[in-house]
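Visitor: Below you will find the structure I want to go over with you.
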Amino acid sequence: MNDKRIEFEPSGGNVFADLGVTDAEAHLLKAGLVTRIEQFIRERGLKQTEAAKLLGISQPDVSRLLRGDFREFPVERLFRLLTALGRDIEIKIREPNAQRPGRLILSG
């Protein structure tokens with residue numbers, strides 16, 4: 001048996017912040033939006049070329065997006081892609097539940 005212990009550090013809840021990515025909270029939001037875009041494309045059984053036509057973007061852009069290369073996509077553009085897939089987007093601004101800075105939350 002190998003007695004070596006694996007050391008780890010618990011996540012702070014945002015892997016992008018843990019890795020020191022600039023604008024980590026926005027990056028986490030984008031990742032969540034892209035995950036939902038991919039989910040809705042899959043649910044509809046769309047091929048990338050079909051999704052591209054529906055979304056109004058090129059097939060290579062769909063491919064990049066679904067591979068996680070979404071840095072160049074602003075949040076507003078991701079919103080437009082979701083609405084093109086027939087989804088409603090609701091933005092709520094509310095008081096936080098605790099004494100902490102505000103945060104972005106993606107639900108639904």
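None of the figures in this text is laboratory data; all of them are computed from the coordinates on show. This is a predicted model, so every value here is computed, not measured. Here the Cβ positions follow ideal geometry from the backbone for every residue, glycine too, while neighbour counts run over all protein chains shown.
Visitor: Which three extents, in angstrom, do the Cα atoms of region 22-84 have along their principal axes, listed largest first?
Guide: So the extents along the principal axes, rounded to whole Å, are 33, 20, 19.
Visitor: Then there is this: Output the relative contact order of the chain, whole-number percent, from Cα pairs under 8 angstrom with separation of 6+ residues. Don't skip to the answer; put the middle values down first.
Guide: Values: 63 pairs, mean separation 28.4, N = 108.
With pairs under 8 Å counted, the relative contact order is 26 percent.
Visitor: Restricting things to alpha carbons, find the Rg to Rh ratio for region 48-108 using the Kirkwood radius for Rh.
Guide: Working: Rg = 15.0 Å, Rh = 13.6 Å.
Expressed as Rg/Rh, it is 1.10.
Visitor: Counting pairs of alpha carbon atoms under 8 Å apart in space and at least six apart in sequence, what relative contact order in percent does region 22-84 give?
Guide: Details: 34 pairs, mean separation 26.5, N = 63.
In percent, rounded to a whole number, it is 42.
Visitor: Which one of E25, E95, E72 has the biggest mean-square fluctuation once the chain is modelled by GNM with Cα springs under 10 Å?
Guide: Highest fluctuation among the options: E95.
Visitor: D69 versus S11, label points 7 Å from Cα toward the beta carbon: distance in nm?
Guide: That separation, rounded to one decimal, is 2.4 nm.
Visitor: A further question on this structure: Among (i) 18.9, 74; (ii) 14.0, 42; (iii) 17.4, 56, which is the computed Rg and Dmax of the Cα atoms in Å?
Guide: Correct label, based on the coordinates given: (iii).
Visitor: To the nearest 20 debye, what is the magnitude of the charge dipole of the chain about its Cα centre, counting +1 on the Cβ of each Lys and Arg and -1 on the Cβ of each Asp and Glu? Don't jump to the answer; show the numbers that get you there.
Guide: Numbers: 18 positive and 16 negative charges, 67 e Å.
That gives a dipole near 320 debye.
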